[in-house]
Amino acid sequence: MFRHRLTPILLALAVIAPAAGYLLNLYVDWLFFLETGFASVFTTRLSAQAGSALLFALTLLVFLVPNLLYADRSNFPYMSEVIPVGTIRLQREQTLPLIKPVALLISLLLALFAGQLGAVQWEKVLLFLNSQTVGTSDPVIGKDIGFYLFNLPLFDVARAYLNLVLTATVLATLAVYYLRGGITLTIRGPSLAPRVRRHLALLAGIASLVIAAGFHLERYGLLYASNGPFQGAGYVDVTVRLTTLTALTVLTPLAGALLVFGLWRGTWRLVLLPPIVVTVAYFIGMRGYPVLLQKFKVAPNELALETPYIGHHIAFTRFGYDLDKIETVPFDVDTRLSSTDIGNNDATIRNVRLWDHAPLLKTYSQLQQIRTYYKFFDVDNDRYLVNGRYTQVMLSPRELSYQDLPSRTWINERLIFTHGNGIAMGPVSRISREGLPEFYVKDIPAVSLADIKVTRPEIYFGELSNEYVIVRSKVPEFSYPTATGNINTTYQGSGGVPLGSLLHKALFAAYFRTEKILLSSDITAESRIIYNRNIAKRVRELAPFLRFDGDPYMVVDDKGRLKWLIDAYTHSPHLPYAKPLKGGITYMRNAVKAVVDAYDGSVDFYISDPEDVILKAYARIFPALFKPMAAMPDGLRSHVRYSHQFLQVQAAMFATYHMTDPKVFYNKENLWEIPALGDRPMEPYYTIMKLPGEQKEEYILLLPFSPSKRDNLAAWLTARCDGDNYGKILAYTFPRDRLIYGPKQIDARINQDSYISQQLTLWSQRGSEVIRGSMLVIPIEKSLLYVQPLFLAADKAGLPELRRVIVAFGDEVVMEETLELALQRIFGGKRPAAVSRTAADGESGASSSSLAREAMAVYERAIALQRQGNWSGYGEELRKLEQLLKQLAR
């Protein structure tokens, strides 16, 4: 008796527990959307999921249930009293009453499964309902590209789903008929009653229409085919396969009608003939003849026959990755750069990035981490107006690492240690005499050595942690340590969800699976729980249809608040003829800039590419989500930069698709590649420089190209970041009839330089780790400078110090302690301003007194090295002394 009562209780729990968990997650998500101010986004998404689920479930029920009920009303005169199911023999009179309730239960379970399938398709449904016209048609079928981006994906899902519904209906209907005796198994095979045959005839007719629709949609699928040297429909696809599918779209319903007639009449020849004819036509038209045509006609004449289709592939790939906006500019390189040119490009020289990300991150961690529970996760590159000068800087936020807390208790992790504190920021090119970076902002509390002020240094939202914290509790929050004790704080922001009610405490206790939230006496009516603190997760929760950049960067706005900027991308795998990326993407735009406040977690999405057709659709779906770029505050707008990850994608494509002539493309006559040093290709890097023909320096993103399988340079690609020029991309191409040294060739010449290689060997023998920094190509006027920093660390765990700078120009390669000295050795003349190792404000005089003092310092170092018996170092210092004396003589 107890067992019979326990069974329904367990079944109820099996249904209620998942439902309760789903509702709990849903409510917590709702509170998060309310907190961020995007409640309408949540309701739109939830409505779309519910509507899609209901549509899919009702489609299945409307089709499946009538068929099962109709089959269940059937009575057959020769029904056997026994139903054989394998070796089991069931009594029919016992099973017949169960058919209807079991069929309805199965229909309900299938409808629930269909609803889940439908809910997943909410995005496709919304894009279909808000589809946009691109204004460009495909060159084969003539459909607007918007059809492929917004309509075809849902049509493909609908076709697959209708096939699933039909299959389930046919199988379930046959099962009912079998149980009722309409289908009997004989030695000759299954025997169908006339009523069963007529019912199956109707289902077969419907199936023929679905199959015909599939053939029609498969025509569009030809435009995604892969044809050796290009993507998309080729000669064989257009001349044979497209014709075959068009014919099958018409032939299949006719064959279906013949099949229906044959089943209705019981003429088995008419039943078997139509599917055989359609199958044979399909294999001949789609497999057999196309293979022969490709082998014997197209392959020997591929270029002539495929030229127009290669042209389609080039055009659509360029459209898919926005390569059409890249302007190609000839760049006639010369080696006549002078000291005057260096002086005229002072801002470019002053902003050459000497500090690499990895060594600087390690140095920041050792110099500015302050406590073990703080951590620098990444270093970001940006530009600021520092003391009136346009300056490139490196910046790293000091986040809280919960893994490194001295005592990991619930109170410590959730109530006391709630946030990181401040940033470290410094110029990209300046170093102290000890080879360490200089700072504009450092320490806790933040000390500013320039006119950049951090007024709100607390970092509650960042890249490191996603753990929830509770603020405004009775326990004071730790703010930062001092020499005499710890400073506490109380959260004043609007982030988080109030925990004042018992219901909210209970809900979050259940959600985070801890009773402490419910039982803690430290939580008050003013307390707030902050969750989704990881900025990547935060923006993905709000806009899951966007793909977010993996390298967010922090900005200090004009009010001194810390903000995260994250590049976001619209994407689609449904653009025909375009070359796909890994993962199938054929269309991509950096259309959105997301901003997250590090203190209160507020999120804004700004439209950076208003022409993006996919974003236009999403903006119609979620009108409250996106803001125009003009609404972004100036203090943030001046820090927007072109995405280096997106430029990497564009550069990888442009290396091939700068060739727009199909014949040149086919022969790969002018194929480029991204230069590699070691096993890794170069990455785009930010710099401040004056572009050819421009009057002032600007912040740009730069990447060089080499000819395929060659080491010299072919071109350099630059994306502009400032003001109205944001998003403009220029490709400066070098003359093909002359040698322009590439990074790999410069690297080889550095290794072959006897003095440099000797120094590197000596440092390595003394136990120091020598770290070769990134090779930078710096265009100045019509010439190219190559700069590579060199770092030394006492061991692998030691503090990296920037000890030398290698500069190459033309046939000269030099290594000096500073970029200033290296440029003096190559170009002579007046010392370039603002690159001195010791100048605090970026300026260095070239007076005789300063040169004399530096000469004296070099002389003293030389004498010290002589006494130590370090003759190599002694010789190096004498050479520097010679250079300084020559300058004094001038």
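Odds and ends about this structure:
- Those residues of region 410-427 which are of a type in the set (A, V, I, L, M) and either assigned to a loop (DSSP other than H, G, I, E, B) or under 15 Å from R533 (Cα atoms) (or both), in sequence order: L415
- When restricted to residues that are among the β-branched types (V, I, T), crowded, with 18+ Cβ neighbours inside 10 Å and farther than 21 Å from F605 by Cβ, region 498-537 contains 3.
- Residue in region 181-190 that is in contact (Cβ under 8 Å) with a residue 24 or more places away in the chain, in a helix (DSSP H, G or I), in contact with a Leu (Cβ under 9 Å, 6 or more places away or on another chain) and at negative phi present: no
- None of R561, R540 is over 30 Å from F230 (Cβ atoms), surrounded by fewer than 21 Cβ atoms within 10 Å (Cβ to Cβ) and without any contact (Cβ under 8 Å) to a residue 12 or more places away in the chain except R540.
- Selection count, region 372-396, where residues are part of a strand (DSSP E or B), under 17 Å from V469 (Cβ atoms) and of a type outside the set (K, R): 1
- Residue list for region 141-169, filter: buried (at least 17 other Cβ atoms within 10 Å of the Cβ), more than 27 Å from F319 (Cβ to Cβ) and among the β-branched types (V, I, T): V165, T169
- Hey, F478 farther than 14 Å from Y364 by Cα and of a type outside the set (D, E) or not: yes
- Restricting attention to region 794-806 and to residues that are out of contact with any Lys or Arg (no Cβ under 8 Å at 6 or more places or on another chain) and modelled with pLDDT of 90 or more, the residue that is surrounded by the most Cβ atoms within 10 Å (Cβ to Cβ) turns out to be L802.
- Among the residues of region 802-825, those identified as touching a Ser or Thr at 6+ places or on another chain (Cβ under 7 Å) and assigned to a helix (DSSP H, G or I) are L819, E820.
Every residue, every condition in (1) touching a strand residue (DSSP E or B) at 6+ places or on another chain (Cβ under 7 Å); (2) in the same structural domain as R803 (by TED's automatic domain parsing); (3) surrounded by 14 or more Cβ atoms within 10 Å (Cβ to Cβ), yes or no:
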residue: A731; (1), (2), (3): yes, yes, yes
residue: F734; (1), (2), (3): yes, yes, yes
residue: N751; (1), (2), (3): no, yes, no
residue: S764; (1), (2), (3): yes, yes, no
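- Filtered residues of region 452-510 (kept if in contact (Cβ under 8 Å) with a residue 24 or more places away in the chain, more than 30 Å from Y384 (Cα to Cα) and of a type in the set (D, E, K, R)): E467, R472, K474, E477
- Residue among I529, I535 that is modelled with pLDDT of 95 or more and under 17 Å from S473 (Cα atoms): I529
- Listed conditions (1) more than 14 Å from I141 (Cβ to Cβ); (2) buried (at least 18 other Cβ atoms within 10 Å of the Cβ) are all met by E218, apart from (1).
- Filter result for S479 (among the small types (G, A, S), in contact with a Gly (Cβ under 9 Å, 6 or more places away or on another chain) and modelled with pLDDT under 95): no
- Lone qualifier among L785, L790, L799 - being assigned by TED's automatic domain parsing to the domain that holds L739, among the aliphatic types (A, V, I, L, M), under 14 Å from I746 (Cα atoms) and not in a helix (DSSP H, G or I): L785
Each row is one residue, and each column tells you yes or no for (1) surrounded by 22 or more Cβ atoms within 10 Å (Cβ to Cβ); (2) on the phi < 0 side of the Ramachandran plot; (3) outside any loop (DSSP other than H, G, I, E, B).
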{"position": "I310", "(1), (2), (3)": "yes, yes, yes"}
{"position": "T317", "(1), (2), (3)": "yes, yes, yes"}
{"position": "E327", "(1), (2), (3)": "no, yes, yes"}
{"position": "T340", "(1), (2), (3)": "no, yes, yes"}
{"position": "L354", "(1), (2), (3)": "yes, yes, no"}
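- The set of residues from region 91-140 being of a type in the set (D, E, K, R), without any contact (Cβ under 8 Å) to a residue 60 or more places away in the chain, touching a helix residue (DSSP H, G or I) at 6+ places or on another chain (Cβ under 9 Å) and surrounded by fewer than 18 Cβ atoms within 10 Å (Cβ to Cβ) comprises just one member, K100.
- Taken together, G435, G426, G420 contain a single residue that is out of contact with any His (no Cβ under 6 Å at 6 or more places or on another chain), of a type outside the set (K, R) and at positive phi, which is G435.
- Residue match in region 619-639 (condition: basic (K, R), out of contact with any Cys (no Cβ under 9 Å at 6 or more places or on another chain), buried (at least 22 other Cβ atoms within 10 Å of the Cβ) and outside any loop (DSSP other than H, G, I, E, B)): no
The values are calculated or read from the model by the stated rules, or taken from the named source; none is laboratory data. In this text the structure is predicted, and so the values were computed from the model without any measurement. Backbone-built Cβ (ideal geometry, glycine too); neighbour counts: all protein chains shown.
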